[in-house]
Structure formats: structure tokens, C-alpha cells
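Enquirer: Just dropping this structure here.
The values are calculated or read from the model by the stated rules, or taken from the named source; none is laboratory data. Predicted model only: the values in this text are computed from it and were never measured. Glycine gets a Cβ as well: all are built from the backbone with ideal geometry, and neighbour counts include every protein chain shown. Ligands, DNA and RNA are stripped out before the accessible areas are found, and what is left, the full protein with its side chains, is counted by its heavy atoms. Shrake-Rupley method; radii C 1.70, N 1.55, O 1.52, S 1.80 Å.
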Amino acid sequence: QVQLVESGGGLVQAGGSLRLSCAASGRAFSTYNMGWFRQAPGKEREFVAAITWTSVVINYADSVKGRFTISRDNAKLTVYLQMNILKPEDTAVYYCAADPTASTRSTSSDQWKYWGQGTQVTVSA
């Protein structure tokens with residue numbers, strides 16, 4: 001099993017940057033694929049990015065391509081989401097997810113087994 005804790009959220013002006021971190025527990029972390037999702041007030045949880053356990057395959061939502069970068073450091077049991085050129089529409093609670101079998105094309109939240117509690121990202125105009 002994997003336990004996930006997100007951090008790094010906060011308030012930032014449009015055009016700014018934030019880096020989210022997701023710290024994981026468990027020696028099996030390196031075998032899990034990882035993803036980031038976000039949920040804005042009144043909206044459904046949506047896919048942001050995913051990365052395989054080898055970091056060979058990465059997928060991004062169209063809305064964040066060219067601005068966000070997902071990466072992982074298996075030795076540190078951590079996955080990151082570097083967010084640049086932030087927009088007000090990026091405002092949401094960002095969740096880290098893990099699953100032993102979900103692929104980078106698993107864009108539905110119900111395809112992922114383990115979840116963190118989320119970290120708030122607010123982007124002001």
C-alpha cells in the first residue's frame with residue numbers, strides 16, 4: 001500500500017509558478033504509476049498529468065501541456081508537478097494519485113487506487 005501527502009500549494013499571481021510535491025510511503029513506490037488530478041469548486045475532478053514508474057511515458061491534459069511538468073524521484077519517494085505560467089483557471093485542489101496498473105492514459109479518477117488529501121492552488125488574475 002501507498003500513503004500520499006501533497007504539499008507546495010498556495011496563492012500565486014497569474015503567470016507565476018509553483019512546484020507541488022507528493023511524498024509517498026512504502027517500499028513499493030517505485031513500482032507504482034503516479035498521477036496528478038485537480039478539482040475546482042463545483043467541478044468534477046479532472047486529469048492533469050501522469051507518469052510511469054520508469055518515467056519513460058508521460059501524459060498531460062491538453063490544458064496544461066507546455067506549462068506543467070510531472071517528474072518523480074523514486075529514491076526520494078516523491079513525485080512533483082512543476083506548474084509554470086499559471087492561469088486563474090488552474091485554481092483547484094490538486095491531488096496526487098498512485099496505482100500499480102493505471103497507465104498514463106488512465107484519465108478517469110476511478111482508475112487510480114491511492115490518493116492524497118490534496119493541496120490548494122489559487123491563482124489570482
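Enquirer: In the stretch 81-125, which residues are β-branched (Val, Ile, Thr) and touching a strand residue (DSSP E or B) at 6+ places or on another chain (Cβ under 7 Å)?
Expert: 91, 93, 104, 107, 119, 121, 122, 123
Enquirer: Residues 110, 99, 90: which one is acidic (Asp, Glu) and without any contact (Cβ under 8 Å) to a residue 12 or more places away in the chain?
Expert: 110
Enquirer: Check the stretch 99-121 and report whether any residue there is aliphatic (A, V, I, L, M) and under 12 Å from residue 51 (Cα atoms).
Expert: Yes, the stretch 99-121 has at least one match.
Enquirer: Considering only the stretch 45-54, I want to know if a residue exists there that is among the aromatic types (Phe, Trp, Tyr) and over 14 Å from residue 115 (Cβ atoms).
Expert: Yes; the residues of the stretch 45-54 include at least one that is among the aromatic types (Phe, Trp, Tyr) and over 14 Å from residue 115 (Cβ atoms).
Enquirer: So, one more: Check the stretch 73-85 and report whether any residue there is among the aliphatic types (A, V, I, L, M) and on the phi > 0 side of the Ramachandran plot.
Expert: Yes: one or more hits.
Enquirer: Please state which one of 32, 94 is of a type outside the set (Gly, Ala, Ser) and under 22 Å from residue 125 (Cα atoms).
Expert: Step by step, each of 32, 94 is checked, and only 94 is of a type outside the set (Gly, Ala, Ser) and under 22 Å from residue 125 (Cα atoms).
Enquirer: Among the strands (runs of 3 or more DSSP E) confined wholly to the stretch 9-50, which include 1 or more residues that are of a type outside the set (Lys, Arg), closer than 17 Å to residue 66 by Cα and open to solvent by less than 60 Å² (accessible area, probe 1.4 Å)?
Expert: 18-24, 33-39
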